[in-house]
Structure formats: C-alpha cells, structure tokens
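All remarks here apply to the structure that follows.
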Amino acid sequence: MKKVFNKVTVIMMSAAAVLASCKKGDYHNGGYDKPDPKVNSVVVSAAGDSAGIVTKLNELRLLLGDPVNVAPGATGGRREVNWDGVPPAFTNSNNFPFDFFGSFDPLLPNGRKRGLIYVNTGTTLRVDSTDFADIDASYASQFEPFSRKRLFSSIGTNVTEITFKVPGTNTDAFVKGFGVIFSDVDVANYTSVEYFNGNKSLGIFKAPAAPQGFSLLGVSFPDEKVTRIKITSGNGSLGAGVKDVTNGGPYDLVVMDDFFYDEPKAL
C-alpha cells in the first residue's frame, strides 16, 4: 500500500515549497550550503508533493536554459534525464550501464546521447519500476516516483558520482548547473550534492527534508565550470532487510528521480 499524505503533512510540505527560494548560497537545514564565500552560486530548492515543487522546478529549468535538447549538436538549452524510457533489460536489476546516457555510438538512438556518465566506484546502479520493493517489500510504501514510473539508485552505497561528455561524443565536458529530485528525504543534512571544478569543491549543498514527498535541489555556478557531481542520498544504502526510519529502521533511505543540467560543453 502506498503512503498517503495526511492533512498536516500536506500543509507542512506546501509551506516548505512556498518558503523555498532561488537564493545565493546561505545557511539552511542546519548546514552551510556554500562554505567558500568566494564561489558564486544560485540555489533552487523546494520540498513537498509533486504539485508543491513544480513552480521551483520550472525556475530551475529556466535557470539552466531552454529548450530541452533531445539530440547532439546543441550549443545552449538544457538536458533532462528521467528513467521512464529505460528498456526492460536494464530495469529491476543491478545492471544499469554507467554510460547509458553518455553514448557516442552512432548506431544508438539520440536518447542515449545526453552527455551524462556515472563514475564506476566499484558498485552497481539500478533503475526500478517497483519502488524498489523487489529489494525489500517495505520500500513499496516508502518511495514514490516524481515522473512515473521508474526511480534510480546506486546499490551497495548511498553515493553516486557523475561526470560529463559533450553529448554524442567522447569529449570531456562541463556544465554550469545541475539539479536532482529526491524521493523521501526524512532527515535534514544527510542528503546533499557536492559540485566540483576539477579537484576543487564548489560546495556541499543540502537537500530540504520532505518525508513521504519530494526534495528538489539545483545549483548553478555563473563563474565556474562543474566537471563532477557527488550525490549523497540519505545515510544508508538499499538492501534486503534494511529499513528506513519510517519503517522502524536506523537509516534515512533516499532514492532519486529526474536530473536536470545545462547543455554540456567541451572543456
């Protein structure tokens, strides 16, 4: 059975979505989102149900650029990644390819050429259409997709790292901004995104808490090149018998849905 928002939860989430704003890096959720004041950043965040975060999501999309690009060769605009077109062969199993959205194979469709590469840290990736209930049945009442029906997570770790290529090529690239929608951030401060320019950290930015809902976090850096992203989802990794805090467990388990970033450009 899916989780149902009660009236109090919906009101609290709606308020959070209204209060969330596009801002220069400042203090929120108990942690500094921009430790280096010399790094200029613009943060867009929101927490709530799908309707409650859509206004801020549209702000992020506008900040990253229009239109949404669907083929290689663009010079502006943005890219979006959801998991809903992933074929059955790469769904509900721990075999999602690290370069699925970073292909430069001319025989593969343009949908595979979005310039997004997952860093192989020795673990696996999973796209799931069961809310990860195939891993543990309790997850069916915990995670909801923002764009139906698939969700995404690293397996064996709660950390996911990303680099970029010029779409349709093997050329290293950078972006100026990146955002992600998280599902079921119960506890503030665990879930975050760290942005890098080479080996230089541009800051760790915390996702707002949204128990039973969605947390949007996006950051743009007008004066920097973002070459790598480190996403930390909660404080535990999915696994059989591993329970979320809402199911009496010790961990805040968090998964991901849509990604958003401006068109990757060659370094």
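The values are calculated or read from the model by the stated rules, or taken from the named source; none is laboratory data. Owing to the predicted nature of the structure, the values given are computational and were not obtained by experimental measurement. Reconstructed Cβ throughout: ideal geometry from the backbone, glycine too, with neighbour counts over all protein chains shown.
Listed values, structure above:
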quantity: Which numbered condition Ser41 fails, given (1) surrounded by 13 or more Cβ atoms within 10 Å (Cβ to Cβ); (2) closer than 26 Å to Phe152 by Cα; (3) touching a residue at least 12 places away in the same chain (Cβ under 8 Å); calculated: (2)
quantity: Close pairs (7 angstrom Cβ cut-off, 6 or more residues apart or separate chains): farther than 15 Å from Arg61 by Cβ in the range 203-221, crowded, with 24+ Cβ neighbours inside 10 Å and at pLDDT below 95 anywhere; calculated: Pro208/Ala20; Ala210/Met13; Gly213/Met13
quantity: Subset of the range 244-267 (residues that are touching a helix residue (DSSP H, G or I) at 6+ places or on another chain (Cβ under 6 Å), at pLDDT 95 or above and not in a strand (DSSP E or B)); calculated: Asp252
quantity: Filtered residue count, the range 79-102, keeping only those that are polar (S, T, N, Q), surrounded by 15 or more Cβ atoms within 10 Å (Cβ to Cβ) and in a loop (DSSP other than H, G, I, E, B); calculated: 3
quantity: Which listed residue is modelled with pLDDT under 95 and more than 25 Å from Thr227 (Cβ to Cβ), from Gly85, Gly31, Gly122; calculated: Gly85
quantity: Residue tally, condition outside any loop (DSSP other than H, G, I, E, B), more than 23 Å from Glu224 (Cβ to Cβ) and not hydrophobic (A, V, I, L, M, F, W, C), over the range 46-75; calculated: 5
quantity: Selection status of Asn189, in a loop (DSSP other than H, G, I, E, B), at pLDDT 95 or above and polar (S, T, N, Q); calculated: no
